[in-house]
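Engineer: Take this structure, written in structure tokens, and hold onto it; I'll ask about it next.
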């Protein structure tokens with residue numbers, strides 16, 4: 001082949017050496033324009049391909065960062081939940097302990113009163129009946145005194161200091 005050949009992409013471009021030129025300068029100018037157009041097309045195709053690859057990598061990286069952020073958020077949320085649960089549990093134990101202590105104090109007071117009145121009834125030969133109930137935030141105490149022909153009923157409602 002007397003002409004030199006260059007292959008760009010799938011199309012072959014032919015260049016004639018300057019000493020073997022048989023065509024007019026106008027056809028050379030048109031060939032140069034066609035070659036420039038083809039090179040521009042190839043460059044644009046390559047740049048488009050590179051831009052698409054960069055876009056794919058950026059999308060993958062954003063997805064990876066979002067997954068990492070979600071895992072981190074879940075871990076922080078898990079730790080926060082454990083701390084909150086521990087605080088709530090401790091608060092409920094302290095409230096239970098305080099209410100139990102108050103209940104035991106009232107129960108002890110009721111027992112002291114009952115023991116005192118039992119001794120009193122034996123001494124005076126009267127009868128004392130009594131009962132108590134613990135309902136929600138209250139202690140209901142009811143005492144009945146029978147001394148001979150007289151009777152007396154005492155009812156008391158004591159509030160327990162319970163916070164909601």
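Engineer: Just wondering, is there one or more residues in the stretch 87-97 that are outside any helix (DSSP H, G or I) and over 30 Å from residue 132 (Cβ atoms)?
Structural biologist: No, the conditions are met nowhere in the stretch 87-97.
Residue-wise test of (1) under 55 Å from the mean Cα position of the chain (by Cα); (2) closer than 30 Å to residue 143 by Cβ; (3) modelled with pLDDT under 90; (4) loosely packed, with under 10 Cβ neighbours inside 10 Å.
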| site | (1), (2), (3), (4) |
| --- | --- |
| 13 | no, no, yes, no |
| 16 | no, no, yes, no |
| 24 | no, no, yes, yes |
| 27 | no, no, yes, no |
| 39 | no, no, no, no |
| 50 | yes, no, no, no |
| 87 | yes, no, no, no |
| 98 | yes, yes, no, no |
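Engineer: Turning to a different aspect of this structure: Just name the residue that is surrounded by the most Cβ atoms within 10 Å (Cβ to Cβ) out of those in the stretch 111-164 that are at pLDDT below 70 and part of a helix (DSSP H, G or I).
Structural biologist: Filtering first and then ranking leaves 121.
The values are calculated or read from the model by the stated rules, or taken from the named source; none is laboratory data. Source: prediction; values computed, not measured. Every residue, glycine among them, receives a Cβ derived from its backbone with ideal geometry; neighbour counts consider all protein chains shown.
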